[in-house]
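The values are calculated or read from the model by the stated rules, or taken from the named source; none is laboratory data. All values derive from a computational prediction rather than experimental measurement. Here the Cβ is made from the backbone with ideal geometry for all residues, glycine too, and neighbour counts use every protein chain on show.
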Amino acid sequence: MFSSPDNLSLRPEDADPHLSREEFALTRWQKFRLVVKVVELRLRFVALMAVTGLVFTYWDTLANYYEKWTRPPGEQVAAAHGLEYYCPMHPSVVQEKPGNCPICGMPLSKRKQGEKTALPEGVVSRLQLAPFRIAQAGIRTADVSYSPLSERLTTVGSVGFDERRLARISSKLKGMTRVEKLAVNFNGTPVNAGDVLAEVYNPELAQTVRELLLAQERSGEASAATSALGRSLLGGQDLVRLATDKLLLWGITRQQVDEILRTGKTGDRMPIVAPISGVVVRKNVVEGQYVAEGDSLFEIADLSHVWILAQVYEDQVGQVRDGQAVEATVEAYPGELFKGRVAFRDPALNPATRTLGVRYDLENPEGRLQPGMFATVTITTPLAETPAFRARLASARPSASHVGHAESLTVDEQEFCPVTKAKLGSMGKPITVQLASRKVWVCCSGCPEKLKAQPAKFLEGMESQPAEGVLSVPETAVIDTGDRKIVYVEAQPGVFEGRQVVLGPRIGERFPVLEGLAANEKVAAAGAFLIDAETRLNQGAAAATSEPAPQSADRSTSSAPATGVTHRH
């Protein structure tokens, strides 16, 4: 860039041609001054480059000093005392003067500079991710909502007769009765009500039929003159009625009696008819057999309606109640479900098998289900109705059994602020907000205005729990560390809080929530493990740092350890 001192001296040919070489030559002092001048120019250039580099390196520090020197006197006093103001819900918001959070609007809290922020109760970590990082990690959120979770109890069972549609035809005649003829010769014969099953002969029956016909003849003989003594005796109609009643008591139908009175024939045989339509499931007699009074002749079952009988073990009895949904499958019709509802539970256990009988009714118009078939029975029990879940829910959250509107909730019963979803008491003393006839608790003074502006939005999750609904989260949202379960809740767009929760047993692809979450909150259902890993890495990096990193005066976008503030990426 610069020539050497020798090159800077004038050459004789460049000088005035009228000057001699002796007149043109420089003195030693001039040469020394020329060398010093060249060195000075080079040092100035090096110094300029060094200053420029230092300015670029310490630009933030210089800017902070400039802001400190130009700050009004009141703010300099606050900075001199080492105080700063931060948002408990958004720890990335840090200012050196009081005010409200630009994100959620709640008042800023005061702390000493460099002091770690204590996370709200139940929150174990907090992480803030930029939108492009969320997209790269494939993080997807899902709502915490009420779901009709149900436990499925599978047991063995069988198809049985509907005992209300069984008929047993027994001999009601006195003495011995002979079976003269059988119309039904084998089991399984379908019959209709009124069909003849057999014909029998009984001397007592034949005598009673003759008395009936004789009484009918007498009733037809009308006498114009009847003595007072005659009027006091039984008439013909009375005798007909008495004989008819005797036949009805012996199992003779009214139609058969009317037929005897119409034809006037006695006959030696009396037909036995089917009282109901169905199938003869048991034939106990053969032709020519004598039967005594009370002996069973036939059994008929109506198979258009059957029972499914299931056996429930003793430790599962508490999961079964009348009216529950139940379904069964049989090997004869694979893949087909026969659905119904529990109709009856036995009042006592079977002492031999230690099981309780449970049945439900099932229409069987085509007779496809046959008594004696084995069945696989599945009883569906809503989780919210099981005694075990209710007991765990009551122990984990005493107010869980409360059903009502927000107007009757206390601080302990409400638990969470409807605006920020933070636990009541974590931001200071809760504040009450009166909305018409409803009293709602909020966590801080920044929430009432928002709640009054959009009450329907924030109070949606505070309505009473559905009858069969259980607050639940997807299985993929749960991080099980062994001694605790953590769910990452999206408190604000891009801000995920690791919250410790109490969950019930997994039902399908979801976990019921006993404590730690509120309805309509959003949890990381996809990418929760990536958020957890990032949080642990940041915690490890913070623990490995022996000295805290220098912090600028304006830390509204600074990073902080996971134990107290948000990580930004």
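Some points to look at:
- Residues in region 138-176 that are touching a helix residue (DSSP H, G or I) at 6+ places or on another chain (Cβ under 6 Å), farther than 30 Å from Gly340 by Cβ and either in the same structural domain as Lys339 (by TED's automatic domain parsing) or crowded, with 17+ Cβ neighbours inside 10 Å (or both): Leu173 only.
Conditions (1) loosely packed, with under 14 Cβ neighbours inside 10 Å; (2) touching a helix residue (DSSP H, G or I) at 6+ places or on another chain (Cβ under 8 Å); (3) outside the structural domain of Asp361 (by TED's automatic domain parsing); (4) among the basic types (Lys, Arg), marked per residue:
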{"position": "Leu182", "(1), (2), (3), (4)": "no, no, yes, no"}
{"position": "Ala193", "(1), (2), (3), (4)": "yes, no, yes, no"}
{"position": "Ala198", "(1), (2), (3), (4)": "no, no, yes, no"}
{"position": "Ala215", "(1), (2), (3), (4)": "no, yes, yes, no"}
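- Strands (runs of 3 or more DSSP E) enclosed by region 101-203 - at least 1 residues per element that are charged (D, E, K, R): 109-112, 123-128, 140-143, 150-161, 166-170, 177-182, 196-201
- Summed over region 239-274, residues that are under 26 Å from His305 (Cβ atoms) and surrounded by 15 or more Cβ atoms within 10 Å (Cβ to Cβ) total 5.
So that you can scan it fast, the table gives a plain yes or no per residue for (1) touching a residue at least 60 places away in the same chain (Cβ under 8 Å); (2) within 26 Å of the chain's Cα centre (by Cα); (3) outside the structural domain of Gly188 (by TED's automatic domain parsing):
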| position | (1), (2), (3) |
| --- | --- |
| Ile308 | yes, no, yes |
| Val312 | yes, yes, yes |
| Glu327 | no, yes, yes |
| Arg345 | no, no, yes |
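- Members of region 277-302 that are over 15 Å from Ala198 (Cα atoms) and either touching a helix residue (DSSP H, G or I) at 6+ places or on another chain (Cβ under 8 Å) or acidic (Asp, Glu) (or both): Gly278, Glu293, Ala301, Asp302
- No other residue among Val93, Val123, Val77 is surrounded by 11 or more Cβ atoms within 10 Å (Cβ to Cβ), at pLDDT below 80, under 23 Å from Glu497 (Cα atoms) and of a type in the set (A, V, I, L, M) apart from Val93.
- Count of region 505-517 residues, restricted to those that are more than 13 Å from the chain's Cα centre (by Cα) and surrounded by fewer than 20 Cβ atoms within 10 Å (Cβ to Cβ), is 1.
- Contact map, region 131-157: residues that are more than 15 Å from Leu503 (Cβ to Cβ) paired with residues that are outside any strand (DSSP E or B) and among the charged types (D, E, K, R), Cβ distance under 7 Å, separation 6+ or inter-chain. Pairs shown: Pro148/Glu468.
- Which numbered condition Thr535 misses (of (1) surrounded by 20 or more Cβ atoms within 10 Å (Cβ to Cβ); (2) at pLDDT 85 or above; (3) assigned to a helix (DSSP H, G or I)): (2)
- Taking region 408-459 as the range and being basic (Lys, Arg) and either touching a strand residue (DSSP E or B) at 6+ places or on another chain (Cβ under 9 Å) or crowded, with 17+ Cβ neighbours inside 10 Å (or both) as the test, the residues that pass are Lys421, Lys423, Lys439, Lys450, Lys452.
- Residues in region 296-344 that are exposed (fewer than 15 other Cβ atoms within 10 Å of the Cβ), assigned to a strand (DSSP E or B) and hydroxyl-bearing (Ser, Thr, Tyr): Ser296, Tyr313.
- Each residue in region 438-467 was checked for being in contact with a helix residue (DSSP H, G or I) (Cβ under 6 Å, 6 or more places away or on another chain) and modelled with pLDDT under 80, and 3 pass.
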